[in-house]
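Undergrad: Before we start, here is the structure in question, set down as structure tokens.
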Amino acid sequence: MFSYNRLLFLIDHLIWGILVLVFVFFIFQSEYFLTERNISNILTAAAVLGVLVAGQTFVLISGNFDLSTESTLGLAALVGIWLIVPAGPTTFGGGIFMNPYLSIICSLSMGALIGYAIGCLITYGNMHNFIVTLAALLIIRGLMLAFTEGAPVSGFNNPSADVFYWLGHEKAFRVPGLGKISVAVLATGLVYIVCHLILKHHKFGRELYAIGGNRDAAEALGINVNRRIRQVYMLSGLLAALAGWMLAGRVVSIQSNLGETFIFTVFAGAVIGGVSLQGGRGTMLGALGGVLLLSTIDRGLNLMQVSVFWIKVIQGSVILVAMLIDAQRVRLKELSIIATSEKK
Amino acid sequence: MKILELKNISKSFGAIHALENVDLDITPGEALGLMGDNGAGKSTLVKIVAGNFSPTNGEIFIAGKKTSISNPLEARNHGIEIVYQDLKLCNNLTASANVFLGREINSGFGFFSRLKHTAMNDRAAELFGELQSETRPNDLVERMSGGQRQAVALARTRLSDPKIVLLDEPTAAISIRQVAGILARIKQLKETGHAVILVSHRMMDVFECCDRVAVLRRGNKIADKPIANTSPEEVTGLITGALEKA
């Protein structure tokens, strides 16, 4: 029997089907695709992006945007490394020699603080989130440049940088078929489990859906909407800083453009995963699917030796196709609403 | 004994005076019809009682005690429940999630608490049963008819046992058969000792189930009399301004 509900369920979970299709496509395109090394690479590449997308998903569900996370990621990574490395022409650190654990706490709290400040500007300052986070994106990136004057801050051969290296590079254990699983992948998995629990089974998540769905109603029913929005930006900033820690561990030498233009991929991942830009819709599981799809395509194109000059074109097209599918989904949903209400 | 007393309530939004020195009271088991033309201040008055606005001036007494209601949660804690004109439903959430919005049942404490989905769904199903609605707790609100949406909003008021129930234009957007249901609900609330304030445009509804009618015009209360001592013609005159005072 044809049922709209079943169709909608399929469309809502279409991302996993597409992921399988793309996966199979690449397997036939490159003999190296299904190697443990490549799978491990896909997962590692998905880790940093995944943490950013998780933060963005919260913000999007509450009906807001956060464009600034790529800069927060960069600044958190920069500050974290700068605090532990010596000052000098080859490293350009602060010469503070801070305890690395302390420097990580500093960089994470800085991320949360940046997010909170953005939330305050939006709620107390009554400004549009797009403008505030766009300004933050520029200001934070500018701070990175001004701070380093363009020189990289390098943590190479520095035992204090091991904590960064641990999260970004260390392999935790080997899974047959999937290759070596890095600590970063485990951490991202953990982030997704916690975020999923918060969204599905915690009052906080429920309230975010309500705010994104009908802000007016949420307010009238006594939800402190502005406070929730500040918290959601804080969470986004914190997760961006965590992603910064991960990326710092992978690259160790921090350039002042670290993370630049990442934000497009972050939005693409969330939207492809079914998180609505209008707020109130989307799941962590879907967002994870979007992230995996993007990093799979990225690695696959690499292995197919597609010219770097064409990769951006393909990425853009993937986003367009995803949006096209999403638009059809919304239309189908509306159709099914009409169908069910006419039945009554 | 008055359950709710408003004294000298004024509310201005900048230069606009939405309400000027309005007095209003209601006793348990009484239904008050609050009438007036568009922009007369009915919704503003109701929203002050429900904690959405704080009055610029004036005092609120609940069961004889002076009270300030600064937000909707406080109003609920005082036993005041409201069904808003636009129902205030989140289309993207299920019926049960909407019913419990803002006062979910949790297990655990603080950050480590967890929503009790089954308990909330069961309670919501019970409430829909009492309201004789076919709504199922897990249905999405966006896929519901007007009557079902109304039932979800009404079910919210039954989560606690309120003393005062405010209904802002509850019959404006539903079918005739469902209007009868709402009116029956109001009578039932009265019989069980609740105070009901019904904001409505529909003369018929007010005259069918209210004991008293108060009329607002341009932010002033110009009449407040028992239904038995008035007529639809008089109330219409008062609303439109054809009659200056009752």
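The values are calculated or read from the model by the stated rules, or taken from the named source; none is laboratory data. Owing to the predicted nature of the structure, the values given are computational and were not obtained by experimental measurement. Please note: Cβ atoms are built from the backbone with ideal geometry, for glycine as well, and neighbour counts cover all protein chains shown.
Undergrad: Looking at (1) within 13 Å of chain A (Cβ to nearest Cβ); (2) farther than 23 Å from residue B:74 by Cβ; (3) in a helix (DSSP H, G or I), which one does residue B:136 not meet, given that it meets all the others?
TA: Of the numbered conditions (1) within 13 Å of chain A (Cβ to nearest Cβ); (2) farther than 23 Å from residue B:74 by Cβ; (3) in a helix (DSSP H, G or I), the odd one out for residue B:136 is (3).
Undergrad: Still on this structure, I have one more. Just the residues that are aliphatic (A, V, I, L, M) and in contact with a strand residue (DSSP E or B) (Cβ under 8 Å, 6 or more places away or on another chain), please, taken from the stretch B:160-181.
TA: Within the stretch B:160-181, B:164, B:165, B:166, B:167 meet the criteria.
Undergrad: Does residue B:169 satisfy the condition of being under 20 Å from residue A:220 (Cβ atoms) and of a type outside the set (Val, Ile, Thr)?
TA: Yes: the conditions hold for residue B:169.
Undergrad: Given the criterion at positive phi, more than 14 Å from chain B (Cβ to nearest Cβ) and buried (at least 24 other Cβ atoms within 10 Å of the Cβ), identify the matching residue among A:244, A:259.
TA: A:259
Undergrad: A further question follows. Restricting attention to the stretch A:40-57, does a residue exist that is outside any helix (DSSP H, G or I) and either under 24 Å from the mean Cα position of the chain (by Cα) or surrounded by fewer than 21 Cβ atoms within 10 Å (Cβ to Cβ) (or both)?
TA: The answer is no; no qualifying residue exists.
Undergrad: Just to verify a result, which residue in the stretch B:92-111, among those that are within 9 Å of chain A (Cβ to nearest Cβ) and assigned to a helix (DSSP H, G or I), is farthest from residue A:278 (Cα to Cα)?
TA: The extreme case among them is B:111.
Undergrad: Residue A:284: out of contact with any strand residue (DSSP E or B) (no Cβ under 6 Å at 6 or more places or on another chain), at pLDDT 95 or above and of a type outside the set (Ser, Thr, Tyr), yes or no?
TA: yes
Undergrad: For residues in the stretch A:262-279 being buried (at least 22 other Cβ atoms within 10 Å of the Cβ) and within 14 Å of chain B (Cβ to nearest Cβ), which is nearest to residue A:65 (Cα to Cα)?
TA: A:279
Undergrad: Here's something else I'd like to know. What residue, among those in the stretch A:1-20 that are modelled with pLDDT under 75 and not in a helix (DSSP H, G or I), is farthest from residue A:288 (Cα to Cα)?
TA: Out of the qualifying residues, it is A:1.
Undergrad: Any residue in the stretch B:209-218 that is in a helix (DSSP H, G or I), more than 19 Å from residue B:9 (Cβ to Cβ) and in the same structural domain as residue B:195 (by TED's automatic domain parsing)?
TA: Yes, the stretch B:209-218 has at least one match.
Undergrad: Name the residues in the stretch A:292-335 that are in contact (Cβ under 8 Å) with a residue 60 or more places away in the chain and within 21 Å of residue A:30 (Cα to Cα), would you?
TA: A:292, A:293, A:294, A:295, A:296, A:297, A:298, A:299, A:300, A:303, A:304
Undergrad: Which of the residues belonging to the stretch A:212-229 are crowded, with 23+ Cβ neighbours inside 10 Å, more than 9 Å from chain B (Cβ to nearest Cβ) and closer than 18 Å to residue B:84 by Cβ?
TA: None - no residue of the stretch A:212-229 is crowded, with 23+ Cβ neighbours inside 10 Å, more than 9 Å from chain B (Cβ to nearest Cβ) and closer than 18 Å to residue B:84 by Cβ, so the list stays empty.
Undergrad: Let me ask you something else. Conditions first: (1) in a helix (DSSP H, G or I); (2) of a type outside the set (D, E, K, R); (3) buried (at least 20 other Cβ atoms within 10 Å of the Cβ); (4) modelled with pLDDT under 90. Residue B:170 passes all but one, so which condition is the exception?
TA: Going through the list (1) in a helix (DSSP H, G or I); (2) of a type outside the set (D, E, K, R); (3) buried (at least 20 other Cβ atoms within 10 Å of the Cβ); (4) modelled with pLDDT under 90, residue B:170 breaks only (1).
Undergrad: Just checking, how many residues over the stretch B:132-146 are under 18 Å from residue B:173 (Cα atoms) and in contact with a Gly (Cβ under 8 Å, 6 or more places away or on another chain)?
TA: 1
Undergrad: Go through (1) within 11 Å of chain A (Cβ to nearest Cβ); (2) assigned to a helix (DSSP H, G or I) for residue B:121 and report which single condition fails.
TA: (1)
Undergrad: For residues that are of a type in the set (A, V, I, L, M) and part of a loop (DSSP other than H, G, I, E, B), scanning just the stretch B:62-91, find the one that is farthest from the other protein chains (Cβ to nearest Cβ).
TA: Top of the filtered list is B:63.
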